[in-house]
Amino acid sequence: MAASDSKGYAGPTPSLIVGLRLGGKKAAVFGEGASAVTRAVFALDAGASVVLYTAGSMPAALGKWAEAGRITVVAAGKYAAADLVEFSVAFVADADAATAAAVAQDAHSAGVPVNVAGSATLSDFALLPTYRGAAGLQVAVTTNGVAPRVAQRLLKEIVGRLPADLEPQLGEVVRLSAAAAEAERERQVAVAKLEASGAEGISVEATAANTPAPESVGSVADHEEPLVDLSALRSGSATEADVQSVAAYAAHALSDLCFVYAAREQTLGAAALAWSRRAEKNAFGGWVSALRMQTRAGAGHALWGALASGARVAAIASAESLPLMAPVLAELAALRQPLVIHAVAESLDAAGEAHADYADALAALQTGAVVLASATPQEAHDIGVVAHAVAVAAAMPVVHVTSAGDRVESVRAIGHAQLAQFVAAVAAECSGLAVANAVDAAFARFRSDFGRTYARFEYSGSANAETVFVALGKPAAAAVLALPSLLRDAAATGVLNVRALRPWAAEDLVARIPATARRIVVLGCGRDATADALRADVALAVLVGRPAAAVRVGGADVFGASSTGIAAAMREALGLAAVEVEAEGQTEETIEKTLEDAPKDAPELNTVADPLDIVRRLAFPEAFDTQLSARPGERTFNVRVSSKYRMTPDSYDRNIFHIEFDTRGTDLRYEIGDALGVFGCNDVESVDAFCTAYRLDADAVVTAARDGEQRHTRSVRSWLTNALDLFGRPSKGFYTALADFAVDAAEAEKLRWLTTADGAIEFRDRVADTVTYADLLLEFASARPSFLRLVDLIAPIKPRHYSIASSAKMHPGSVHLCVVAVEWRDSRGHARTGQCTRFLNTLRVGDAVVVSVKPSVMKLPPLDSQPVIMAGLGTGMAPFRAFIEERAVRKMQGADVGSMTLYFGSRHRAMEYLYGEEFEAYHADGLLTNLRLAFSRDQKEKIYIQHHMRQDTEILASQMLVEDGSFYLCGPTWPTGDVKDAMVNAFTTMGGVKPGDANKVIEELKESERYILEVY
């Protein structure tokens, strides 16, 4: 899945790995050949019955299912679009482009999720056919925009709901699938060329000749002797070794061919290369050929030929190589080819220092390969051995991700004889088992044979833990080491070490977490937070596995941290250590230092700050009660933009956009109907321009306090950017106050005149033209209040509140807004924009924002069964999207939800049907019982929502007066009277209410909070 915005991108993005429950359902498969057979088997294994639309006959490979009555064949020519409504899922294979597009369009129209071979754009989900578990058959679902676009039919089949806020945290399945298909085409061309030249198949030699050439034989790394003693390792003796050496030992001992892909670290795989040069034999008594390969686009093609030759194949790779190898890896997984890649996860920071970094390694998560993780040298040895056993037993590629580092420790290796026996035993025990079961069996056998215990999820800590840290690799090892000291100070704590990232066993993970847990903290494992797919998987597992429990899933960024740093981060998360940090997202230039109630001998309250005084206050915060705050005096949260896209066409005169904020790692909580307060900032360039014109030093640091407020210390630029509404409209009081500073008598008189009755017309024009504080200060040049006086005179920036357009239950760790950019031209033709919408519109993914939460009266009825009638105009439908999502989650959890009616109004369907695809899908599913649309300018006669309400008198009267429903109106004020009249008409014509009593009934509904207006 692309790590870009969830909309506004060039192509579709997958969303989540989910389990499809197809038992007893019907699946349609179109096409013939191997691809059609693969997809048919995929559906049959998942428990579905299959109808195969094909130009041929029943494939022999499907004979046993045909005899059981599980699959039938229908001539392709007899297919009709109407047939699709009876299916839960559709697969298109080996079809020409026109047929594939036509079937996909039919499926989309029918609300049936579809997979089209070789077409990411037309597919609603990508195949991951190797994962099977109690949660169903796992696939990677694409949203092609927004989750309900996949169709409510799909949402019924999966375990749980798709939290759209997690989209940016998963891999690039669609891109990998397309690239894998291209890799397969290239391979077939290479095979054809070899066959044309008389070669039989793809030999090992031919493969090596057609892959990137090895490094020069003069490579220093390739000729260095390994630091570890091979004889000690293969004899089973304890020896000192690092992670890379023991991974190389497993690769060399259990393969015939070993390829080394090092993005930059030439010591990677050096041991395996040296052992190969010395003709050291593997655990099976054969010689091992090791080759260093170039890492570039298309890396991994050599693996094709090596596997085709029947050789045991392994690779040692830097994690940075995996995104380049992923297309080939995806195809190998689809073809069930045994292969092990030992990937060393690290990256360099700006100073050239290496850190454990799993961001690139997580590219393997979406390929269908098994993914196992280790950290210490002993773990790297043991998990490396298990990886080879699983690859052979399950006939699957396995990626063993281990941490980087030069840490050397004593390792008890497994000798060659025992290695061969172990692999053979696991292969025999796992014959016919699903991949996940093969992983479990390999871990169990390893414990039985060698006494060391591993599992897909390893829990340590209190059985009654309230806070559980989840991590993999190095962060997990550090967390386990820190646990004893944490338990002394916070007894209700635990650590869950994720050993197997794929196959992903969500039920097992939830089962390992104590039922008492109320908070889960996922320790970040990559340099890029959007690459931390582990947090996404954990969040979804908890959302589905414990829907009734109030479990918060957050995160802590520990990338680049030492073991001590990770322990400190855990203590901070538990509230055991007071760590002073700058407000997230604020630069040194804009950080606000809130200094409350200075000592009695403090200097005057408004002064240019003494640098030494600032140092004292920061050095001795307890003595001076110094605090760091992003927004002093407010209960605020620092969040980051995770997604943003425009909802209206670029050519349209109204810019309406959707924006999402990542709230993970904060204490931000919101309820349905709440509003999000956004603290907008003034444009820095405009502020600097004002400072130049007003002759202010923007970098000067000033301590000041408005009347009755705390003292704040910050730069002039920060005051004008973050605190003072410099580009807002001043009141008459500011005109009067500014007049007192005017040296020029004419200017003073003009300022005072504007506040009188005689100047009322011009004052009104100035208000209409949005003349700002800055405009006035520069217009009346003789009035020059000092900056400290400006702090008192200019109103503060206040948060702009927007109705939240998401349900926290559907989107844990995220909050969504639907915003219209406020833009106009004044009487002089100057373009003007609203301060906060300009700020929001300029934000990019990753930018930091300070927000607050404001409660609202817009609440759902107390009972799920009570009807809800919603009327939203334009962006006024934002809270109703949240209402619908909340009810959707409750419905999926088994609740009996009542009727939901949505009246939505805007100007043009093609331009402003906000979240239209979602509403249509909810309506098709039956959750949204009535969807009444009023696009006022799409026809000659203007149609508004009140017109539809007048047609629905029976619905309104019954649901409001009989079924205890609630009515909500959100949007501009102008239709309030007409909407009320429509409701009164319903009550009097169909509800048995006397005309004289109708208004009283409306007022009673308002008093009981069942007739709620949020208009502006």
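The values are calculated or read from the model by the stated rules, or taken from the named source; none is laboratory data. The model shown is predicted, which means the values in this text are computed figures rather than measured ones. With ideal geometry, Cβ positions are generated from the backbone for all residues, glycine too; neighbour counts draw on all protein chains shown. Areas reflect the complete protein model, heavy atoms only, side chains present, ligands, DNA and RNA absent. Shrake-Rupley method; radii C 1.70, N 1.55, O 1.52, S 1.80 Å.
In order along the stretch 801-811, the phi-based Karplus estimate (6.51 cos²θ - 1.76 cosθ + 1.60, θ = phi - 60°) of 3J(HN,Hα) comes to 9, 10, 4, 6, 9, 8, 9, 5, 6, 7, 10 Hz; Gly and Pro are listed as x. Can you pick out the pairs among Lys25/Lys891; Lys644/Lys942; Lys64/Lys891 whose Cα atoms lie more than 30 Å from each other? Over 30 Å Cα-Cα: Lys644/Lys942; Lys64/Lys891. Within a Cβ distance under 15 Å of Ser448, other residues only, what is the Lys/Arg minus Asp/Glu net charge? In short, -1.
Measuring spread by the Cα atoms of the stretch 336-475 yields a radius of gyration and Dmax of 15.9, 50 Å. Measure off, as a whole percent, the carbon and sulfur share of the 1.4 Å-probe accessible area of the stretch 28-101, all protein chains present. Reported share for carbon and sulfur atoms: 58 percent. Each peptide in 845-856, 533-544 was scored by the mean count of other Cβ atoms within 10 Å over its residues; highest first, the order is 533-544, 845-856. Accessible surface for the stretch 365-418, divided over its residues, is 21 Å² per residue with a 1.4 Å probe.
Close amide-amide hydrogen proximity is noted between Gly118 and no other residue 5 or more places distant or on a separate chain, at a cut-off under 5 Å (H modeled in the peptide plane; Pro and chain starts excluded). Charge tally around Leu44: other residues with Cβ under 12 Å, Lys/Arg +1 each, Asp/Glu -1 each, net +4. Taking the Cβ of Val551 as the centre, find all other residues whose Cβ is under 9 Å away and add up their charges (Lys, Arg: +1; Asp, Glu: -1). With Lys, Arg at +1 and Asp, Glu at -1, the net is +4.
For Gly560, nonlocal amide neighbours, meaning residues 5 or more places apart or on other chains whose placed amide H falls under 5 Å from its own, are Ala356.
How would you rank 443-454, 712-723, 104-115, highest first, on the average number of other Cβ atoms within 10 Å across their residues?
Final packing ranking: 712-723, 104-115, 443-454.
Here the 3J(HN,Hα) profile of the stretch 752-758, calculated from phi with Karplus coefficients 6.51, -1.76 and 1.60 at θ = phi - 60°, is 5, 4, 5, 8, 8, 4, 5 Hz, Gly and Pro shown as x. Heavy-atom accessible surface of Glu1007, to the nearest 10 Å², is about 150 Å², with a 1.4 Å probe and all protein chains retained. Packing, taken as the mean count of other beta carbons within 10 Å per residue, orders the peptides 56-66, 252-262 from highest to lowest as 252-262, 56-66.
Close amide-amide hydrogen proximity is noted between Ile1012 and Phe967, Tyr968, Leu969, each under 5 Å apart and 5 or more residues distant or on a separate chain (H modeled in the peptide plane; Pro and chain starts excluded).
In order along the stretch 109-119, phi translates into HN-Hα couplings of 5, 7, x, 9, x, 9, 10, 10, 4, x, 10 Hz, rounded to whole numbers, per the Karplus curve 6.51 cos²θ - 1.76 cosθ + 1.60 with θ = phi - 60° and x for Gly and Pro.
Among the trypsin sites (Lys or Arg not before Pro) within the stretch 933-998, those in coil by DSSP and having at most 12 neighbouring Cβ atoms inside 10 Å are Lys940, Lys942.
Thr367 exposes around 10 Å² of accessible area when a 1.4 Å probe is run over every protein chain in place.
Estimated from the Cβ-Cβ distance and a Förster radius of 30 angstrom, the FRET efficiency linking Asp45 and Asp896 is about 0.35.
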